[in-house]
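The next block holds one structure in the form of structure tokens; read it before the comments.
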Amino acid sequence: MSLVGHAYLLTTVTYERAPVFDDFALARATIAALRGCDAMGESETLAFVLMPDHLHWLMVLRGESLDAVMRRFKSVSAREVNQLRDRPGTPLWQPGYHDHALRRDEDLQATARYLVGNPVRAGLVASVMDYPHWDAVWV
């Protein structure tokens, strides 16, 4: 079930948890696909962090359904990434995704802070400011 105007925390994982986004250009192409969902009016991104093998995305649903938005995001990002690595038709994402609808009493800002802190907790960087693949409307 998905409700327009509701905030969701989405997580999706690369195929076989391959660290695809260790490659800067592939990560940026994927982030461009995510921002494309916002530009098309499907979502409003509050925060995201693209880890080497997965994405955490805090967003407000603005159109259609979560399934439609995620299907479009995965399709566009896979096409772009596969074009850059000259591997058409190669799976980029595992099937499915995890979603958590935030309750009215959940603090969006605290959720965003926790989300963008993932690279630090994973030991990838000492400070989130040292990690290039995240953004948030507030932190």
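The values are calculated or read from the model by the stated rules, or taken from the named source; none is laboratory data. As the structure is a prediction and not an experimental result, all values here were calculated from the model. Positions of Cβ are generated from backbone atoms using ideal geometry, with glycine treated the same way; all protein chains shown enter the neighbour counts. Accessible surface areas use protein heavy atoms only, side chains included; no ligands, DNA or RNA. Shrake-Rupley method; radii C 1.70, N 1.55, O 1.52, S 1.80 Å.
For the reader, a short list of remarks on this structure follows.
- Solvent-accessible area per residue for the stretch 15-135 (1.4 angstrom probe, square angstrom): 52 Å²
- Residue with peak Gaussian network fluctuation, the chain [Cα springs, cutoff 10 Å], from Leu102, Leu50, Leu58: Leu102
- On the stretch 1-127, 53 percent of the accessible area sits on carbon and sulfur atoms, based on a 1.4 Å probe.
- In this label model, His6 and Arg121 are separated by 2.3 nm, measuring between points 7 Å along each Cα→Cβ vector.
- Across the stretch 83-88, coupling constants 3J(HN,Hα) worked out from phi with the 6.51/-1.76/1.60 Karplus curve, θ = phi - 60°, read 5, 5, 9, 6, 9, x Hz, and Gly and Pro carry x.
- Inter-probe distance in nm under a simple model that places probes 7 Å from Cα toward Cβ, at Arg104 and Glu44: 1.7 nm
- The alpha carbon gyration tensor of the stretch 1-70 gives principal lengths a ≥ b ≥ c with a/c of 1.5 or higher and a/b greater than b/c, which makes the shape prolate.
- As a length-normalised measure over Cα pairs under 8 Å and 6 or more apart, the relative contact order of the stretch 1-119 settles at 38 percent.
- Annotation for Ala32 and Asp86: the two label points, set 7 Å from Cα along the Cα-Cβ direction, are 1.9 nm apart.
- The chain: C-alpha gyration tensor shape, a/c 1.5 cut-off, then a/b vs b/c: oblate
- Gaussian network model of the chain, springs between alpha carbon atoms under 10 Å - residue of Val13, Val81, Val120 with greatest fluctuation: Val120
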